[in-house]
Amino acid sequence: MSQFSQHSFANEKALIRVDFNVPLNDKYAITDDTRIRAAIPTVKKVLKDGGSVILMSHLGRPKDGPTEKYSLKHLLPHLKQLLGTEVAFATDCIGEPATSAAAALKPGQVLLLENLRFHKEEEKGDKAFAEKLAKLGDIYVNDAFGTAHRAHASTAIIAQFFPKDKRMFGLLMEAEVNSAEKVLHQSQKPFTAIIGGAKVSDKILIIENLMERATDIIIGGGMAYTFLKALGGRIGNSLCENDRLDTARELCDKAEKKGVRIHLPADSIIADKFAADASDSSAPSNNIPDGWMGLDIGENACEQFTNIIHRSKTILWNGPMGVFEMEKFQRGTRGIARAVAEATQKGAYSLVGGGDSVAAVNQFGYADKVSYVSTGGGALLEYFEGKELPGIAAVKA
Ligand code: AMP
């Protein structure tokens, strides 16, 4: 049992850092509430114990202090509905509005603080600001995996103001860390990492670190074409980072030395322009005609990747196999989502993380058919790059 589950919060004010950085439309309605829903079990456990809850989060990237667009008050109606209880609101996360609202909290009550980033001290990791926040609660709970890679006041610096038994992860953070640990440090072999998306430059470190652990690395999406060109292929007008050709070659050499198999798509669905109504055809990925670009993995590649995924015991998936936002180029990503779900059903452990692959498993209906869908984009990537996340280190210290 975890520290959080074992702790009784009776008569305590739990100061919980959540990641309520949700997308809002121009009428301030939430268009995807995944991150809020993910934090609800942690809040409910504290309330059930007879404690009270002070929620703090950032929303967006406000540059100049308080801005209507980034106010957390827009989240109140939905939060009340999800929790089934009233939620009080403090118009500032520190100072009189916060201290008096926090002081008035009774067991079973919830308070939401205004956007932490309305104070520039938050992102600067300012110690005095963190101390002011810390004074609001008796115990600190970090449940914001999505911001765990930032050394901000509320995610990392604040932890030092609580003794070791009064600072802990919430249920979401625990689940995220356990799942990432399972893949990174307790993986059963064969371990296949599926890396896709647009840019090689974003994924170099993660590929390098995964080489120490994975048996197979599948590379799809736009980034595959930089590798294909580096290995001598003709890639037409496909996405390519010409300044990363050497890096791609080095990664392939390193993999070979380590006995890690890198798999590139044998064929591609090609298009004559980057558009939903483009003409499409298929071609070997290393022989794409000029004027055409690879926008999805082809049928053979999908089969090739599916076979590798099916014989895997551990699977990590980050990044789509093609431009899945366009119907014509989503077959590969959908096929890989299905393969990961099928492998999971046969007993593999699968973790899907990073914005676009999460959007894909949701869109194609496979989110509940994989072992874990991470809420962390950048945080998960940094974790798999082998970096220590400040938000995790501070609580563990
Ligand atoms: P990333 O943020 O690096 O994970 O990249 C995700 C984006 O990569 C998505 O918006 C995809 O549409 C895009 N993408 C995937 N495959 C390709 C491709 N073959 N060519 C251009 N863009 C791609």
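The values are calculated or read from the model by the stated rules, or taken from the named source; none is laboratory data. This structure is a prediction, so every number in the text was calculated from the model and none was measured. Ideal geometry is used to build each Cβ from the backbone, glycine not excepted, and the neighbour counts take in all protein chains shown.
For region 77-119, which positions are of a type in the set (S, T, N, Q), over 20 Å from Ala10 (Cβ atoms) and in a loop (DSSP other than H, G, I, E, B)?
Start the filter on region 77-119 by keeping residues that are of a type in the set (S, T, N, Q), which leaves 81, 85, 91, 99-100, 109, 115.
Filter once more, so that each one left must be over 20 Å from Ala10 (Cβ atoms): 81, 91, 99-100, 115.
Selection gives Thr91, Asn115.
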Of all residues in region 367-382, which are surrounded by 20 or more Cβ atoms within 10 Å (Cβ to Cβ) and farther than 16 Å from Ile194 by Cα?
-> Thr375, Gly376, Ala379
Within 14 Å of the ligand (Cβ to nearest atom), touching a residue at least 24 places away in the same chain (Cβ under 8 Å), surrounded by 17 or more Cβ atoms within 10 Å (Cβ to Cβ) and not in a helix (DSSP H, G or I) - does that describe any residue in region 329-347?
-> yes
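Kindly evaluate Phe145 against the criterion of being crowded, with 18+ Cβ neighbours inside 10 Å, of a type in the set (Phe, Trp, Tyr), within 26 Å of the chain's Cα centre (by Cα) and closer than 20 Å to Phe4 by Cα. Please lay out each step first, then the result.
Numbers: crowded, with 18+ Cβ neighbours inside 10 Å: yes; of a type in the set (Phe, Trp, Tyr): yes; within 26 Å of the chain's Cα centre (by Cα): yes; closer than 20 Å to Phe4 by Cα: yes.
Yes, satisfied.
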If you go through region 359-380 one residue at a time, do you hit one that is touching a His at 6+ places or on another chain (Cβ under 6 Å), touching a residue at least 24 places away in the same chain (Cβ under 8 Å), part of a helix (DSSP H, G or I) and in the same structural domain as Met326 (by TED's automatic domain parsing)?
-> yes
Count - residues of region 298-328 that are within 12 Å of the ligand (Cβ to nearest atom) and surrounded by 20 or more Cβ atoms within 10 Å (Cβ to Cβ) | 10
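Which residue out of Leu245, Leu210 is within 25 Å of the chain's Cα centre (by Cα) and not assigned by TED's automatic domain parsing to the domain that holds Ala144?
On the way: Leu245 fails: within 25 Å of the chain's Cα centre (by Cα).
Criteria check complete, one pass: Leu210.
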Residue hits (region 241-261; in contact with a Leu (Cβ under 9 Å, 6 or more places away or on another chain) and either within 16 Å of Val323 (Cα to Cα) or surrounded by 20 or more Cβ atoms within 10 Å (Cβ to Cβ) (or both)) are Ala248, Val260
